Amino acid sequence: MSRIGKQPVDYPAGVEVKVNGQKVEVKGAKGTLSLDAHSHVLVSLDAAARKVNVTRKGDDRLSRSVHGLTRTLIANMIEGVHKGFERRLVVYGLGYKAELDKKDKRNVLLKLG
């Protein structure tokens, strides 16, 4: 059995998860995401424990490969609506300077020597 797939996915208090058949919907402060799960896996919701469980229907190769993938996709959806997307850039070395643009925080200004 997949080590990743058999772990339940915990979700925090600010996130709402709905499972309707094979459709999983996740709502949070940062938005809404949905996923149509593969037919070889079953997605179940334990609302009291705030956990999402993914189990596979069979033991064939496709079911095994989709099992961990589906669990990871759901975990990433929950993280995305709760925390959002963030990219960190670490710059090391000499001869240049990197800083955020004061007007638009999405842009990086590079001053190269």
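The values are calculated or read from the model by the stated rules, or taken from the named source; none is laboratory data. Quantities reported herein were computed from a predicted structural model and do not represent experimental measurements. Because the Cβ atoms are built from the backbone with ideal geometry, glycine has one as well, and the counts that use them run over all protein chains shown. All accessible areas refer to the heavy atoms of the entire protein, side chains included, with ligands and DNA or RNA removed. Shrake-Rupley method; radii C 1.70, N 1.55, O 1.52, S 1.80 Å.
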task = Scan the range 42-49 and give yes if some residue there is under 21 Å from VAL81 (Cβ atoms) and surrounded by 14 or more Cβ atoms within 10 Å (Cβ to Cβ), otherwise no.
result = yes
ask   = Just wondering, is there one or more residues in the range 67-90 that are farther than 30 Å from LYS111 by Cβ, surrounded by 14 or more Cβ atoms within 10 Å (Cβ to Cβ) and touching a helix residue (DSSP H, G or I) at 6+ places or on another chain (Cβ under 7 Å)?
value = no
message = Out of LEU94, LEU62, LEU110, I need the residue that is farther than 17 Å from VAL19 by Cα, assigned to a loop (DSSP other than H, G, I, E, B) and open to solvent by 70 Å² or more (accessible area, probe 1.4 Å). Which one?
response = LEU94
query = Among the listed residues LEU73, LEU42, LEU35, which satisfies the condition of being in a helix (DSSP H, G or I) and without any contact (Cβ under 8 Å) to a residue 60 or more places away in the chain?
reply = LEU73
